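The next block holds one structure in the form of structure tokens; read it before the comments.
The values are calculated or read from the model by the stated rules, or taken from the named source; none is laboratory data. Please read these numbers as outputs of a predicted model, since none were measured by experiment. Glycine gets a Cβ as well: all are built from the backbone with ideal geometry, and neighbour counts include every protein chain shown. Side chains are part of the model used for accessible areas, which takes the heavy atoms of the whole protein and leaves out ligands, DNA and RNA. Shrake-Rupley method; radii C 1.70, N 1.55, O 1.52, S 1.80 Å.
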Amino acid sequence: MNNSELVVNTPKLEKLGIFLVLLSIFFIPFSSYQPISFLGEFSREAPVIFLIPAILILVYTSILSKKIYIPYKNPLFQLLLVILVFFLLTTLLNYPSIKDYYFKGTTGSMRFIRQFAALVASSFFFMLTYYNVFRKYSAEKLFRLIRRVFLYSFIVVWAYAFLEILIVKLNLLFLRSAVSLFDYFPFTQAKMDYRLKRISSVTFETPALATYLFTVAGWMFSYVFTEKGLKRFIPGLAVVVLALFSGSRAGLFIIVCQTLVFGIFLVRKVKYHKLVFYISIVSIVLAVTADAASGRKISTYLIEKATSFDLTDSEHAISNRSRFGIQSANFEVFKEHPILGVGYGQQSFEAKKKYPNWAKVGNWEFRLKYLNKDNPSFPPGYNIYTRLLAETGIIGTLLFLLFLVFIFIIAFRFVLKNDDRYLISIVIIIAMTGILLNWLKVDSMRNFGFWIHLALLLSMMRNSKVVINYKKDEG
């Protein structure tokens, strides 16, 4: 192949790479299929299927153009690298203990390799792939493009969820054949929860659906800013309604928090004051009317959800005891290793010795899952912050929290500039609010929504971008 052929094909490859990245965003919620074992930590993550070839295309086109874009002079990116290096360092310093860890057929060393590899893949390779695509567009065009992809994805999620609600909540069982058609949709296995009557749509469980809603909420709310008439309220309202029907307690609470954040941004603009007033009045009237028509079932349902985090709650006692018990154990690990923690990915090896009796006694989840050596799944940390305290100590946790604070400060500064980055900055703040609150109940940084929004923020800061030039290998 001669040079002229390379020039012709490179733009086509770049377009293919962009298309694959957009597909990876579209397929974020689709996780109800059988896990793909060779993907390891990403066995349920459909976006990886598209990101791997996208990365290969990025590397290949970068070699041809003799440059790749890495924002290594960006202070936010630098802090991310410091965090990764510190997580590695604290693990190396704890290696004398880690080499003797063994639980559920896994050594401490192997556990670190898997967890750290997943973190590096997400925070470096995947995030930089998103960044290299996003930086090709202006903030306004990027906002419209990504929002359109999220909207198309959300429409599919809502279509499935709507059928689920009709079948599971309203007992319209004749519609089950319509749901089975989703078996033909990529990365989707049609299923419904008839026992608990919870909604999961195309995701593999209700909490996964809630996590997706946190990711798209800001994008759907943003239609209020850009559209006219009643149709601009439909996407945002659809998010709130789906959170309400999903059955996820934390999901509903976090969506309410994101809605309040969005309301604050609306109130900041004088021209939207009348709109906020009308929305408030209509919402109150509709809520009161719907509650009265349902015989107070809606208000009773919301009260039950708000008060269901008690350890004695009849429906959620087991789940609550597991979550709070594991978080408590991780905090005990932190108190014994306050500076450096026990090493990244190692919390389960130490925390299993400290699970409190009030969490374990009479709790089948500990007996059959968390402490069952025959069950290969490791106990989750159920909280990223207590997990990091246990694994990386106060230093690693403060670095991570500082990183999150900087994200909000930078995004809010873009909001204050009130230029073409205004809307995308609001979306980033709303999404990050949901993700950070969600981390109070999950312990994984394998969250595509977080890394996508970070890449968006870095792309808007690309005055700090640096092109790394290198010579073609002559060997």
### Task
With viscosity set to 0.692 mPa s and temperature to 37 °C, compute the Stokes-Einstein D of the stretch 145-207, Rh being the Kirkwood radius across alpha carbon pairs; µm²/s, no decimals.
270
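For the chain, what relative contact order do you get, as a whole percent, if you take Cα pairs closer than 8 Å and at least 6 residues apart?
Relative CO of the chain lands at 23 percent.
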### Kirkwood Rh, angstrom, the stretch 30-146 [1 / mean 1/r, Cα pairs]
16.9
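If each residue of separation counts as 0.36 nm, what is the full-extension length gain between Lys335 and Lys197 once their alpha-carbon separation is subtracted?
Taking 0.36 nm per residue and subtracting the Cα distance, the gain is 45.7 nm.
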## Note on the structure
Quick calc: nm separation of the 7 Å Cα→Cβ label points for Asp183 and Phe408 -> 4.7
### Task
Please report how far the C-alpha centroid of the stretch 124-173 lies from that of the stretch 190-211, rounded to the nearest whole angstrom.
17
### Query
Hey, can you rank 327-334, 409-416 by average C-beta count inside 10 Å, highest first?
327-334, 409-416
### Summary
Sequence order, the stretch 445-462: Karplus ³J(HN,Hα) from phi using 6.51 cos²θ - 1.76 cosθ + 1.60, θ = phi - 60°, Hz rounded, Gly and Pro as x, gives 8, 7, 10, 4, x, 5, 6, 5, 5, 5, 4, 4, 5, 5, 5, 6, 9, 6
### Query
One-quarter of the Cα convex hull surface for the stretch 323-375, in nm²?
3.7
### Message
If you average the alpha carbon positions of the stretch 367-423 and of the stretch 212-275, how far apart do those two centres end up, in angstrom?
### Response
23
### Message
Considering only protein heavy atoms and a probe of 1.4 Å, how much of the accessible area of the chain is carbon and sulfur, as a whole percent?
### Response
65
## Note on the structure
Residue-normalised 222 nm signal for the chain, counting each DSSP H run of n ≥ 4 as -39,500 (n - 2.57), nearest 500 deg cm²/dmol, is -20500 deg cm²/dmol
### Query
Rg to Rh for the chain: what is it, with Cα atoms only and Rh by Kirkwood?
0.97
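When the solvent-accessible surface of protein heavy atoms is calculated with a 1.4 angstrom probe, in what order do Lys441, Lys274, Lys369, Lys335 fall, highest first?
Final ranking, largest accessible area leading: Lys274, Lys335, Lys369, Lys441.
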### Query
Taking only the alpha-carbon atoms of the stretch 60-112, what semi-axes of the equivalent ellipsoid follow from 5 times the gyration tensor eigenvalues under a square root, in whole Å, largest first?
35, 17, 8
### Task
Please list, or write none, the lysines whose alpha carbon is within less than 20 Å of the alpha carbon of Lys271, excluding same-chain residues fewer than 8 places away.
Lys228, Lys231, Lys417
#### Entry: Area of Leu398 that stays accessible when all protein chains are in place (1.4 Å probe, Å², to 10)
100
### Message
Below 11 angstrom from the Cβ of Gly345, what's the summed charge of the other residues (Lys, Arg +1; Asp, Glu -1)?
### Response
0
### Task
Find, to one decimal place in angstroms, the Kirkwood hydrodynamic radius of the stretch 197-259, where the mean of 1/r is taken over every pair of different Cα atoms and then inverted.
11.8
### Query
Could you give the dipole magnitude of the stretch 1-158 about its Cα centre, charging the beta-carbon of Lys and Arg +1 and that of Asp and Glu -1, in debye to the nearest 20?
320
## Note on the structure
Once amide hydrogens are built 1.01 Å from N within the peptide plane, the residues lying 5 or more places from Ala190 or on another chain with amide H under 5 Å from its amide H are Asp183
### Task
Treat each spin label as a single point 7 Å out from the Cα along the C-beta direction, and report the Ser138 to Trp358 distance in nm.
5.9
